[in-house]
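Engineer: Got a structure for you, written out below as structure tokens; questions coming shortly.
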Amino acid sequence: MVDTIMIKSHNSSFQFDKKGTTKGKADVYKIYYDSLDKKYIKQKYYRDEYQQTFRPKSFKINTTKRKSKNGVNQTNLQKLITAISTNIEPNKLIEQIDTTEIQGLVSKDRIKKIAKWHKIDWHFKRRYSTIEENKKFYKECQSMDTFKKYLANQFNNKFYTIVTDYSSTINIWITTTTSEYRFEGKYPNPFKMPWYNHNTHTKNSLAKPILNLNVNKSLESILPKGFLLRESLTTEALVDDYIEWYFKRRDMMF
């Protein structure tokens, strides 16, 4: 029986100034099981914003309560609990995808928007490619066979990378009557995958990676709109990462 679930997103960056300043924020959303109503309800939702310096040593924090209009979706919460403990083989991830939705999102306009953001949109200009070459590029990028290759290869990072000057993480704590479990999705892994099961971590082994797109889907549906880093879990975020992956595959990005 799961008693509580706490989800914490954290985003911070080191400023590289004379004071050694780090600025960051964190959102916390906690859910607990109400034995009287026999369902999960929200216990708390707040945001911490802080600034820390090393020269001189100082720490300032401001906490604000956040509002959530909707209640806890019981079905999606159960889906999260199931997904976070279920590892999916990379070549089976395509089965968790609505391919019609993906094809709709991988549009010509979106491809060009991502290219412009990375300052590589010159590849599509007539001086460098023909109309027919561009049409072929868009069609191949929109292919679900290509998207399947992306899913099978993009999230195979089994190592736990540590970045010291920037943090973008989502942690999930699941507490039962006897144990507590922590799972983490983090930068620089794309789409916060794989998730890491820290209860498998020992001095002789790293945290076990978990691949399951339903973790992201369930979290997105559970978390309130405006929750920090929630947008990094969306299907749109997955598609944007796919387009960037395809640019690199075509040697347009490095």
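The values are calculated or read from the model by the stated rules, or taken from the named source; none is laboratory data. Everything numeric here is computed off the predicted structure, so don't read it as measured data. We place every Cβ from the backbone using ideal geometry, glycine too, and count neighbours over all the protein chains shown.
Engineer: Looking at this structure, is S12 among the small types (G, A, S), farther than 30 Å from K136 by Cβ and in contact (Cβ under 8 Å) with a residue 40 or more places away in the chain? Spell out the reasoning first.
Structural biologist: Numbers: among the small types (G, A, S): yes; farther than 30 Å from K136 by Cβ: yes; in contact (Cβ under 8 Å) with a residue 40 or more places away in the chain: yes.
The answer is yes for S12.
Engineer: Among the residues of the stretch 1-14, write down those that are closer than 18 Å to T75 by Cβ and assigned to a strand (DSSP E or B).
Structural biologist: Step one: list which residues in the stretch 1-14 are closer than 18 Å to T75 by Cβ, which gives 1-2, 5, 7.
Passing the criteria: V2, I5, I7.
Engineer: Take the residues in the stretch 15-46 that are without any contact (Cβ under 8 Å) to a residue 40 or more places away in the chain, of a type in the set (D, E, K, R) and in a strand (DSSP E or B); name whichever of them is farthest from V72 (Cα to Cα). Break it down stepwise before answering.
Structural biologist: Initially, the stretch 15-46 is screened for residues without any contact (Cβ under 8 Å) to a residue 40 or more places away in the chain, giving 15, 17-23, 28, 30, 32-44, 46.
With the extra rule that they be of a type in the set (D, E, K, R), the set shrinks to 17-19, 23, 30, 34, 37-39, 42, 44.
The next check asks that each one be in a strand (DSSP E or B); those that pass are 23, 30, 34, 39, 42, 44.
Details: K23: 31, K30: 11, D34: 12, K39: 9, K42: 7, K44: 12 Å.
Going through the qualifying residues, I end up with K23.
Engineer: Related question: Residues that are under 27 Å from W173 (Cβ atoms) and assigned by TED's automatic domain parsing to the domain that holds R182: which helices (runs of 4 or more DSSP H) entirely in the stretch 64-143 hold 3 or more of them?
Structural biologist: Details: elements: 74-83, 99-105, 108-117, 131-141.
It comes to 74-83.
Engineer: Could you list, in sequence order, all residues of the stretch 114-132 that are touching a residue at least 12 places away in the same chain (Cβ under 8 Å) and either in contact with a strand residue (DSSP E or B) (Cβ under 8 Å, 6 or more places away or on another chain) or more than 27 Å from E236 (Cα to Cα) (or both)? Explain how you work it out, then say what you get.
Structural biologist: Here is the first cut: in the stretch 114-132, the residues touching a residue at least 12 places away in the same chain (Cβ under 8 Å) are 114-115, 118, 120, 123-124.
If the condition is that a residue be touching a residue at least 12 places away in the same chain (Cβ under 8 Å) and either in contact with a strand residue (DSSP E or B) (Cβ under 8 Å, 6 or more places away or on another chain) or more than 27 Å from E236 (Cα to Cα) (or both), then no residue fits.
Let's see how each residue does on (1) surrounded by fewer than 19 Cβ atoms within 10 Å (Cβ to Cβ); (2) small (G, A, S); (3) touching a Gly at 6+ places or on another chain (Cβ under 9 Å):
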position: T146; (1), (2), (3): yes, no, no
position: I170; (1), (2), (3): no, no, yes
position: S179; (1), (2), (3): yes, yes, no
position: I210; (1), (2), (3): no, no, no
position: L213; (1), (2), (3): no, no, no
position: N216; (1), (2), (3): no, no, yes
position: Y246; (1), (2), (3): no, no, no
position: R249; (1), (2), (3): yes, no, no
position: M253; (1), (2), (3): yes, no, no
